[in-house]
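Student: This is the structure, below, for whatever I ask next.
The values are calculated or read from the model by the stated rules, or taken from the named source; none is laboratory data. Worth saying up front: this structure is predicted, and the values here are computed from it rather than measured. Every residue, glycine as well, gets a Cβ built from its backbone with ideal geometry; the counts of neighbours run over all protein chains shown. To get the accessible areas, we keep the full protein, side chains included, count just its heavy atoms, and leave off ligands, DNA and RNA. Shrake-Rupley method; radii C 1.70, N 1.55, O 1.52, S 1.80 Å.
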Amino acid sequence: MAAAQGAGSSSAGPSGAPASIPGHSSSSAVAVWEWQDEFGRWRPYQGNVCRYIEQVFQASQQKGRRSGSGLVSSIPLGHADAVLAPYVIDIPSLTQFRQDTGTMRAVRRHLFPGDSAAGQGIVWEWQNDEGGWSPYEMNVCVFLEQAHATSHQQVDLGPLGYNYEVDLVARVQTNKTTKFSRSVQRRLDSPYPVTTAPAPLHTGTGCSCQQCWLNGGTGPITTRYRHSMINFPNSSAAPQVSGRTTSVSSSGVGFVPYNKPALSGARSTPRLNAQSSWALPQAGGAVGPSTGLPTSNGVSSLNLPVKMSKPSKLNQALAAAPSDPEAVVRKYLEEVKGTPADEDCIICMEKLASPSGYSDTCECSTIKPEMVGRLMNCQHSFHMLCMLAMYSNGNKDGSLQCPSCKTIYGEKTGTQPKGKMEVSTFPQSLPGHRDCGMIQIVYHISRGIQGPEHPNPGMPYTARGFPRYCYLPDNEKGRKVLELLKVAWKRRLIFTVGTSSTTGESNTVVWNEIHHKTEMDTNLSGHGYPDPNYLDNVLAELAAQGVTEDCLRK
């Protein structure tokens, strides 16, 4: 959506428009499960995924009522859609957990009347910056559909926490502050699952009734939101933000990073292609014309692609890495006995005292389903067979990452396609950093054919929006970030091939968990400056990928 700052007005909409849809309804209910993206927006899972989540959730409730036990610990989304294999919903904390990267997102469950937009499978969407369509959160869809059904021409989304007005005739959304407009569309999708409503259904904005309190929870605040924002990700009223190239999640419907059949709920990182090349900056290049910045008068530019004519340190490390998954698991885990009966394995969500939940899909002659191992540095324990399944379905690059604390064992690498990284410096300053010049990074990646490490080997992938321009302050911390980004580029961690969160396009190059500033100023979208927290945030993101200052000393 257009850049918007702060929640919308709480005043009523234009004359004749339903500022809120009043009352409760006793009709049949449908359940909609949504996840919260890095900008605080709620995104509904697709209908078939919601049906599976709700089915498991309801079965767990019934089992809990019979046995007196609590809810099921987790729901692996790969059972509903193989594309979602890396993701697990932890029900007690209402959190979606991505097992290969450790990213956590808040999850919520809302009930809507069966005759609402959700029950009919009607989705309202806004056009994002890349020309694709992004869905409104479901309570906004319900609001817009009822206004549409009652022939209202214009509605104000202020009561729902958004600073927008929507013209239902022209199908246009307008930011009430900036007056920026973009298109809106109404689309028919599969209906959401019918469920048993535990309380009268609420159809408007949230109140203090039991349903709003129980079914409107956001779960814990995610610790991986990207920048300083006025509305943080625990608020369902957070503004929708422009989805430019800095969007780092890889999915429009639940962090879909790639279309890969995988072990249900197991780590699903693509395999590494050792034939990597990257471009270290060297002197002599000029800046692309789209920057509007001079290429002389104090400007220094570094730009030279480097071909790997001899084995690189990366390839040497790969050659030295254990090729046997069992050897990797045994390298970093030591077998333990006498595991506490009530301790869970967070990979399969079974008790450590019970056999691994992957015993039916992952077999090993020497690692038995009941064997438990403890990682040597962080001391977290898991079924050894679960760790074997996680590793076997990933890069197989000789590294492991603790699913609990994210400690990395070995050197983590990614699946970034071949490309070139250019670096230039300019005397101009960035907002918030007036005491120094500016560093410009330009990433070049072209379309190509997917390798064996990618979602669909042999198929083409696209590379939209390249070259991509990014900016850092030319001070001590900015230069440190730059050097670490070079390491991340070399390890193929900055981009990957997956599904775009803004356009929904699959088999395309997308950002991969390391945030970049793609604008020099006007930080209404979160993609520019000033942002006093950005450098610290990106250092934390790099560290989460195993890229730290220690890498610069090697």
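Student: What tally of residues in region 314-333 results from selecting those that are loosely packed, with under 14 Cβ neighbours inside 10 Å and either modelled with pLDDT of 85 or more or within 21 Å of K406 (Cβ to Cβ) (or both)?
Tutor: Number of matching residues: 1.
Conditions tested, residue by residue: (1) modelled with pLDDT under 85; (2) surrounded by fewer than 23 Cβ atoms within 10 Å (Cβ to Cβ); (3) under 23 Å from the mean Cα position of the chain (by Cα).
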{"site": "Q379", "(1), (2), (3)": "no, yes, no"}
{"site": "H383", "(1), (2), (3)": "no, no, no"}
{"site": "L388", "(1), (2), (3)": "no, no, no"}
{"site": "N395", "(1), (2), (3)": "yes, yes, yes"}
{"site": "T415", "(1), (2), (3)": "no, no, yes"}
{"site": "V423", "(1), (2), (3)": "no, yes, no"}
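Student: Considering only strands (runs of 3 or more DSSP E) fully contained in region 426-545, which possess at least 2 residues that are under 30 Å from D397 (Cβ atoms), out of contact with any strand residue (DSSP E or B) (no Cβ under 9 Å at 6 or more places or on another chain) and open to solvent by 10 Å² or more (accessible area, probe 1.4 Å)? Break it down into steps so the answer makes sense when it comes.
Tutor: On the way: elements: 437-444, 468-474, 495-498, 508-511.
Ranges flagged: none.
Student: Is region 335-353 home to any residue that is of a type outside the set (D, E), in contact with a helix residue (DSSP H, G or I) (Cβ under 7 Å, 6 or more places away or on another chain) and more than 18 Å from G102 (Cβ to Cβ)? Lay out the reasoning, then the answer.
Tutor: Taking region 335-353 as the starting set, the residues that turn out to be of a type outside the set (D, E) are 336-341, 345-349, 351-353.
Remaining after also requiring in contact with a helix residue (DSSP H, G or I) (Cβ under 7 Å, 6 or more places away or on another chain): 345, 347-348.
Filter once more, keeping what is more than 18 Å from G102 (Cβ to Cβ): none.
For region 335-353, residues of a type outside the set (D, E), in contact with a helix residue (DSSP H, G or I) (Cβ under 7 Å, 6 or more places away or on another chain) and more than 18 Å from G102 (Cβ to Cβ): absent.
Student: Going residue by residue through region 387-398, is there one that turns out to be among the acidic types (D, E) and without any contact (Cβ under 8 Å) to a residue 60 or more places away in the chain? Even if it seems obvious, please write down each step before you answer.
Tutor: First, the residues of region 387-398 that are among the acidic types (D, E): 397.
Add one more test, that the residue is without any contact (Cβ under 8 Å) to a residue 60 or more places away in the chain, and what stays is none.
Within region 387-398, not a single residue is among the acidic types (D, E) and without any contact (Cβ under 8 Å) to a residue 60 or more places away in the chain.
Student: Using beta carbons and a limit of 6 Å, which pairs, at least six apart or on different chains, have the first residue in region 358-380 and charged (D, E, K, R) and the second one modelled with pLDDT of 85 or more and assigned to a strand (DSSP E or B)?
Tutor: Qualifying pairs under 6 Å: R374/E334; R374/V336; R374/S381.
Student: Also, quick follow-up: If you take the residues in region 79-130 that are without any contact (Cβ under 8 Å) to a residue 60 or more places away in the chain and over 19 Å from the mean Cα position of the chain (by Cα), which one is least open to solvent (accessible area, probe 1.4 Å)?
Tutor: A117
Student: Here's something else I'd like to know. I'm trying to understand the selection: among the residues of region 406-425, which are charged (D, E, K, R) and not in a loop (DSSP other than H, G, I, E, B)?
Tutor: K420, E422
Student: Still on this structure, please answer the following. Could you check how many residues of region 345-357 are touching a residue at least 24 places away in the same chain (Cβ under 8 Å) and either open to solvent by 10 Å² or more (accessible area, probe 1.4 Å) or outside any loop (DSSP other than H, G, I, E, B) (or both)?
Tutor: Residues meeting the conditions: 6.
Student: If you don't mind, another one. Scan region 162-178 and give yes if some residue there is at pLDDT 85 or above, more than 30 Å from Q62 (Cβ to Cβ) and basic (K, R), otherwise no.
Tutor: yes
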